[in-house]
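The values are calculated or read from the model by the stated rules, or taken from the named source; none is laboratory data. Here the structure is a predicted model, which means the values were calculated and not measured. Positions of Cβ are backbone-derived with ideal geometry, glycine not excepted, and every protein chain shown enters the neighbour counts.
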Amino acid sequence: MAGLAAGIRLAMYGKEVLILERHNAPGGLNSFYAIDGRRYDVGLHAVTNYVPAGVKGKPLGKLLRQLRIARDELDLCPQFGSRIAFPGLSLRFENGFSRLEQEIAEAFPGQIDGLRQLRKAVLAFDEFAPREENLGARACIAQHLSDPLLTDMLLCPLMYYGSAREHDMDFGQFVILWKAIYEEGFARPFEGVRVIIRALLKRFREVGGKRKMKCGVRRMSVQDNRVRCIELDDGTQLTADHIISTAGRVETEALLDKGNPQSSKPAAKARVGALSFVETITVLNKQPAGLGLKDTIVFFNQSERFHYENPQSPVDLRSGVVCMPNNYDYGDGRQLDEGFFRVTAIAAYDYWKSLEPEAYQTAKREWYPQVQRAALKAIGHDDSGLLQQHTLATDMFTPTTIEHFTGHAGGAVYGSPDKVQDGRTTVDNLYLAGTDQGFLGITGALLSGISMANLHVLSA
């Protein structure tokens, strides 16, 4: 997404742009695939930062203006409502902050003044201003809230939707996601992520951009602290004045030709992210609402405290995310033909990577029903057979699936915990955009591509 946005922005201003994509489908972490003629979204639970048409000064409107894409092309349909489900307590939220504020006032009356002060601090914080240090979100929250349960409940959705750090998250990213999820909200195109990709590709073609699919980069040769040659997997060599990489920080560093002298701008080597996930997808012959599953998204936790960490077990069943793409307000009598029940949970990359093919398939068969049962129990449905009698098809991806199709080392969905806010690397004409630049989600990825193109190429 970030690469497409950067490409559009540059081509709009007359730059000769080539997008290189190793996979056979565009979209990166947010793409789609088909099995037996049935389409599945990858990554997309929701487009965050949704606001109604006419609301100005928000990220969604900014990116549409910068890319000159009509809002109608994205067909964004708002959520019905989501919730954070912990043992014995749920907090419901909708698009806009008022419902969540009301829920917290009722469940945590002694914390409401602190919540409002925290929100004031969030809204006043400039998440895009340069910072020399990464403030931890938990420490900042503790200045306003004293209840650890409320802190965990507020962090759960934000960590699951963007934190590359275990146990905590950078306060700047906490602010980005607070605004994206709690202040603005969730939406989804009726036909899923392919609608967004289709609109981006159409715009890229209109402005004269070029792209090559199934065409990965093998290495980048550096001379005089500039990338002088880009070698593709097939041996083809290219040159460019500027390179914007959306492969990730760790992955981009690995492409730099190690035979060249050390950069004049030494920097610590980025760490591989420790957090990866499994996701189970169940296709139903009935709408989820008809089975009593009426939430759009549920962020759940079943333990006394919320743990966000690389687990000791193959899958951490203590927490996760349930998404039901049917439960959006599609309007005009539209509804998806089939029901979908998706569950995401933290998983141990090392375990899944260690398995031989047969053992890997066995492990998927064993863990799929466990993930389903844990999720159903957490959201208040103890009947493990609730979905089985209505199931048409299933699928499951693991950390190794993520690594294989995205190139993210360790299957780390949110990349390295070492973000580069300005996108600069140790090489003068090489910049980062996307996850490791620090923007999050589809909207964040698009804004990242736009921002890095503007900052490093168009303003140069």
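Filtering the stretch 305-321 to residues that are in contact with a Phe, Trp or Tyr (Cβ under 7 Å, 6 or more places away or on another chain) and over 13 Å from S276 (Cα atoms) leaves S319, V321. Of everything listed in (1) surrounded by fewer than 21 Cβ atoms within 10 Å (Cβ to Cβ); (2) outside any loop (DSSP other than H, G, I, E, B); (3) over 22 Å from the mean Cα position of the chain (by Cα); (4) modelled with pLDDT of 95 or more, the single unmet condition for K377 is (4). Among the residues of the stretch 105-120, is any within 26 Å of P311 (Cα to Cα) and not in a helix (DSSP H, G or I)? No, the stretch 105-120 contains no residue that is within 26 Å of P311 (Cα to Cα) and not in a helix (DSSP H, G or I).
Name every residue in the stretch 126-147 that is among the polar types (S, T, N, Q) and under 26 Å from the mean Cα position of the chain (by Cα), in order of residue number. Passing the criteria: only N134.
Of the residues making up the stretch 80-92, at least one is among the polar types (S, T, N, Q) and either free of Cβ contacts under 8 Å to residues at least 24 places away in the same chain or over 22 Å from G434 (Cα atoms) (or both). Within the stretch 342-367, the set of residues being aromatic (F, W, Y) and surrounded by fewer than 19 Cβ atoms within 10 Å (Cβ to Cβ) comprises Y351, Y360. In the stretch 410-436, the qualifying residues are those that are buried (at least 20 other Cβ atoms within 10 Å of the Cβ) and not in a loop (DSSP other than H, G, I, E, B), and the one that is nearest to the chain's Cα centre (by Cα) is T435.
Is it true that L123 is more than 25 Å from E309 (Cα to Cα), free of Cβ contacts under 8 Å to residues at least 40 places away in the same chain and under 27 Å from the mean Cα position of the chain (by Cα)? No: the conditions fail for L123.
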